[in-house]
Amino acid sequence: MSATASENRRAHTVLIVDDDPDLRALLAKSLERGGFSAIGVPDGKSALDTLEVTVPDLIVVDVMMPTMDGNELTRRIREMPSISNVPIIMLTNLSDTDDLVRGLDAGADDYLVKPFGPAELLARVRAKIRRVEGEASLQPLTRLPGNIAIDRELAKRLRTATPWAVLYVDMDNFKAFNDVYGFVHGDEAIVLLARILQDAMRRKGGHDDFVGHIGGDDFIVVTTPAHAEAIAEEAIVNFDRDVRELYAPDDIVRGTIATKDRQGKGHTFPIMSISIGIVTSERPSIKTIAQIGEVAAELKAFAKSKLGSVFVKDKRR
């Protein structure tokens, strides 16, 4: 788990592309007053040159510019892989539906029709950046919150006096399964565990509980000490039942799968299970996200030393 996002917070950068210097200056002033960093350029070529060396958090583009209009610039930006997901707001004097459609087809995310006030500009910019940041924090495969959101959730729990518990979960023998059945079925196993953890949280947890996907087959559940063991038990029962559907019948009968290491030596591995380490605020010496991660990883490693699906809870005070 990484450091909290708030520890390295920076001003979001907005690139303004408009051939009117007065409007560029006005937009930049409004954005800077709103806490943003602004870069202004006069035309599409200058914008593309800037984007070769700078990745802004959002781009504001005037539709009506000479040489390269806003629609063409937007199309070119969407063809640049490193910035293709940066949100674009177009500025226009036009409100005709056909013009709006052309801009959206080119790849714009939103429109501002002139004249508009600073409050509307700031509201649109903030909304688009929030959306992109929210999507960026999701793991693509499971659509669960990723490391940014996980760190934010853990930091919130540490700031309050409310008791908390963290379940650090992963699959045993996942690599062997992935090697034998392929990455597509490996992804199915990851999605299965994500669903099981969400179901366990809903059935046995509280309304403020949280499930995150750290990456690969590693997951985290944030709950309270009162709910932690019940969630772990529910997840184990359901995983041990449902994971068997991912295996061929012959492998289920044997209870193992066979694969080879890089030296060509054969090995057998049991059907996948899950290991869960549980750390709670009942251990008052834990004050940071890093400490939560270290203790949870230690407990999970101990759980993995045992056969089958198990959870291990930290009982130290």
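Each value in this text was obtained by applying a stated rule to the coordinates, not by laboratory testing. The model shown is predicted, which means the values in this text are computed figures rather than measured ones. Cβ atoms come from the backbone with ideal geometry, glycine included; neighbour counts cover every protein chain shown.
Helix 21-33: angle to the longest alpha-carbon principal axis of the chain, degrees 0 to 90, nearest 10?
Between helix and principal axis, roughly 40 degrees.
With +1 on each Lys and Arg Cβ and -1 on each Asp and Glu Cβ, how big is the dipole of segment 147-313 about its Cα centre, in debye rounded to the nearest 20? Walk me through the intermediate numbers first.
On the way: 21 positive and 24 negative charges, 82 e Å.
Dipole magnitude for segment 147-313 comes out near 400 debye.
Would you mind checking the tilt of helix 183-204 against the longest principal axis of the Cα atoms of the chain, expressed as 0 to 90 degrees and rounded to 10?
The angle comes out at about 80 degrees.
With a ≥ b ≥ c the root eigenvalues of the C-alpha gyration tensor of segment 203-274, is it rounded (a/c under 1.5), prolate (a/b larger than b/c) or oblate?
On the way: a/c = 3.57, a/b = 2.07, b/c = 1.73.
In terms of gyration-tensor shape, prolate.
What ranking of LEU104, LEU307 emerges when the number of other C-beta atoms within 10 Å of each C-beta is taken as an exposure proxy, fewest first? Show your work: numbers first, answer last.
On the way: LEU104 15, LEU307 9.
Result, fewest neighbours first: LEU307, LEU104.
So what is the 222 nm mean residue ellipticity for the chain from helices alone, if each DSSP H run of at least 4 adds -39500 (n - 2.57) and you divide by all residues, rounding to the nearest 500 deg cm²/dmol?
Working: 11 runs with 142 residues, N = 317.
Roughly -14000 deg cm²/dmol at 222 nm, from the helical runs in the chain.
Within 10 Å, count the other beta carbons around each residue, average over each peptide in 185-197, 108-120, and list them highest first. The partial results should precede the final answer.
Working: 185-197: 19.5, 108-120: 14.4.
Ranking the peptides 185-197, 108-120 by packing returns 185-197, 108-120.
Among THR162, ILE77, LEU144, whose Cα lies farthest out toward the positive end of the dipole of segment 34-170, if unit charges sit on the beta carbon of Lys, Arg (+1) and Asp, Glu (-1)?
Sorting the options by dipole projection puts first THR162.
Any lysines with Cα under 18 Å of the LYS156 Cα? List them, leaving off those in the same chain fewer than 8 positions away.
Correct list for LYS156: LYS287.
List the lysines whose Cα lies under 30 Å from the Cα of LYS45, skipping any in the same chain that are fewer than 8 positions away.
Within the straight-line limit of under 30 Å, LYS45 reaches these lysines: LYS29, LYS114, LYS128.
Between segment 136-157 and segment 252-275, what is the separation of their alpha carbon centroids in Å?
Spelled out, the Cα-based centre of one part sits 32 Å from the other.
For the chain, give the magnitude of the charge dipole about the Cα centre (Cβ charges: +1 Lys/Arg, -1 Asp/Glu; no others), in debye to the nearest 20. Intermediate results must be reported in sequence, preceding the final value.
Values: 41 positive and 48 negative charges, 317 e Å.
Using Cβ point charges on Lys, Arg, Asp and Glu, the chain gives about 1520 debye.
Going toward the positive end of the dipole of the chain, with +1 on Lys and Arg Cβ and -1 on Asp and Glu Cβ, which of SER285, TYR181, ILE129 do you reach last?
Toward the positive end, the furthest listed residue is SER285.
Binning at 20 angstrom from zero up to the longest distance, how are the C-alpha pair distances of the chain distributed in percent?
Going from the shortest bin to the longest, the percentages are 28, 39, 30, 4.
Sorted from fewest to most neighbouring beta carbons within 10 Å, what does the list MET68, MET90, MET201 look like?
Values: MET68 17, MET90 27, MET201 22.
By the 10 Å Cβ count, ascending: MET68, MET201, MET90.
What whole-number distance in Å separates the alpha-carbon centres of segment 36-68 and segment 293-316?
Using only Cα atoms to place each centre, the spacing works out to 51 Å.
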